[in-house]
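Worksheet for the structure shown next.
Throughout, read-outs are computed from the coordinates displayed, never taken from laboratory work. All figures in this text were calculated on a predicted structure; none of them were measured in a lab. Cβ coordinates were reconstructed from backbone atoms using ideal geometry, including for glycine residues, and neighbour counts include every protein chain displayed.
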Amino acid sequence: MLINLFYKNSRNNAELLYLISSNHFKNQLNMKKTIVSLVIIAAIVVTVSTGANAQASTSNLVNITSLKTKSPDKGSPGARDSLIAIYNSKVIDKNTYILSHREYTHYFTASNSDYLVVEEYKDMAGMEASFEMNTELEKKAWPDAMKRKEFMDAMGAYFETWHGDALYHMNPKLSKN
């Protein structure tokens with residue numbers, strides 16, 4: 001039907017053949033452009049994802065846990081720090097999957113409840129293994145479940161129940177050693 005429409009509106013067969021062949025050529029050209037574009041996009045995606053994975057695997061992971069401190073009855077920052085020091089010496093310092101551990105408190109303003117725990121791991125598997133090792137080390141440090149719960153509750157009394165986690169990896173090209 002379309003060919004008949006072109007035929008009736010065409011002055012001669014040569015014009016009809018020209019229209020059909022030029023449309024066919026345009027369709028082939030568009031198909032080739034589409035295929036080339038898809039190949040280029042696929043190459044870019046593979047290159048970028050491979051580069052991102054390579055970069056992520058060459059740097060350690062850093063987990064930053066944000067906490068809010070609070071003051072329990074008869075509590076003090078010194079008592080909080082003593083409990084955390086005991087925990088760190090019995091658990092964190094013995095955890096071989098934790099490459100570094102730092103704790104930061106907010107400094108120099110009236111609101112000083114912000115508290116950060118920054119831990120560094122070799123990779124995601126190391127971070128996950130560190131969680132399991134922490135549990136094992138806690139059980140070893142406080143074999144009695146009631147005493148372990150009492151200690152954790154005493155330490156936990158200095159923090160709100162809310163917390164936030166952020167996971168980062170370092171870009172070595174933009175870092176100062």
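For the pair ALA141 and ALA154, the difference between a 0.36 nm per residue extended length and the Cα-Cα distance amounts to 3.1 nm. Summarising the amide proton neighbourhood of PHE159: residues at separation of 5 or more, or on other chains, whose placed amide H is nearer than 5 Å comprise LYS70.
Electrostatic tally near LEU137: other residues with Cβ closer than 9 Å to its Cβ, Lys and Arg +1, Asp and Glu -1, net +2. Need one word for the stretch 104-177: rounded, prolate or oblate. Basis is the Cα gyration tensor (sqrt eigenvalues a ≥ b ≥ c); a/c below 1.5 gives rounded, then a/b vs b/c decides. Taking the square roots of the gyration eigenvalues as a ≥ b ≥ c, the stretch 104-177 is oblate.
Summing Lys, Arg as +1 and Asp, Glu as -1, what charge do residues with Cβ under 14 Å from the Cβ of MET152 carry, MET152 excluded?
Values: positive: ARG80, LYS90, LYS139, LYS147, ARG148, LYS149; negative: GLU138, ASP144, GLU150, ASP153.
Combined, the nearby Lys, Arg, Asp and Glu give +2.
Under the simplified labelling scheme, the LEU99-LYS68 pair shows an inter-label distance of 3.3 nm, with each label point 7 Å from Cα along Cα→Cβ. Charge tally around TYR115: other residues with Cβ under 15 Å, Lys/Arg +1 each, Asp/Glu -1 each, net -2.
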